[in-house]
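The values are calculated or read from the model by the stated rules, or taken from the named source; none is laboratory data. These figures come from a predicted structure and were not determined experimentally. We place every Cβ from the backbone using ideal geometry, glycine too, and count neighbours over all the protein chains shown. The accessibility values were calculated without ligands, DNA or RNA, using every heavy atom of the protein model including side chains. Shrake-Rupley method; radii C 1.70, N 1.55, O 1.52, S 1.80 Å.
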Amino acid sequence: GCTATLSMNQNHVLIGHAHWGGLFANDANTGKMLWGTWDGELRHRSSSAAMHGDIFYILSSQSLFAIEARSGRVMFRKKLGYDVNVSSTPLVTDSEIIFGTSNRGIVALDRETLDEKWNFKTNPAMIYSAPYIGEHPATVETSPILVGDKVYFGASDGTVYAICHKTGKLYWKYHTGAPFFASLAVSGNSIYAVDFSGNVYAFIAEMKQYK
């Protein structure tokens, strides 16, 4: 079994997973296996791959990886010093790489230097889902999404957040009372969320008029 989903780039390289097992690439047209890795750090993983051309980004154990899709060559391995054994898929913008963590909320790295740019810490999780992290973890299992200059995500503390993607500053939040494990969805000027209690929420952007 595996919580991560398949990812494919424009060259039909399909990235697949075995939960806490291996990481694999197949040719989507033929099914031929291109490569597989059982790297000790890469196998401790619940995150799906974020594809960007021939490179994909993925979280595993306490590191962020950038890997060449067709060859499996590791472009970089950024040691984070904290756990990212969550199902959050990294959001890659022009200037940041943003992702959820097991116990530090959501983090943004500078895309060029890989230095930490900001850290937005959520409240303690309502349900423990990430392993080996101790008490009161600020867990974000969902994948952040970017709309305009705002990053939207639901957290395990039962709250939907909107923060600035450049600074991590909070714009607004909405607490539902049940944790979020599914990523948010965007359609037009609406954002949709589903919490662990089975409730569906729609948030509508306010259209402001300026004189």
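Of note, VAL86 does not satisfy the criterion of being part of a strand (DSSP E or B), in contact with an Asp or Glu (Cβ under 8 Å, 6 or more places away or on another chain) and without any contact (Cβ under 8 Å) to a residue 60 or more places away in the chain.
Looking across the range 67-83, just one residue is touching a Lys or Arg at 6+ places or on another chain (Cβ under 8 Å) and either of a type outside the set (Ser, Thr, Tyr) or farther than 16 Å from ALA108 by Cβ (or both), and that is ILE67. Within the range 148-192, if we keep just the residues that are closer than 20 Å to PHE120 by Cα, aliphatic (A, V, I, L, M) and not in a loop (DSSP other than H, G, I, E, B), the residue that is most open to solvent (accessible area, probe 1.4 Å) turns out to be LEU170.
Selection within the range 110-123: residues that are open to solvent by 70 Å² or more (accessible area, probe 1.4 Å) and over 15 Å from LEU64 (Cα atoms). The member of this set that is nearest to the chain's Cα centre (by Cα) is LYS121. Of the numbered criteria (1) outside any strand (DSSP E or B); (2) open to solvent by 20 Å² or more (accessible area, probe 1.4 Å); (3) at negative phi, the one GLY72 fails is (3).
Condition first: closer than 21 Å to THR139 by Cβ, in a loop (DSSP other than H, G, I, E, B) and open to solvent by 50 Å² or more (accessible area, probe 1.4 Å). Can you find one or more residues in the range 48-58 that meet it? No.
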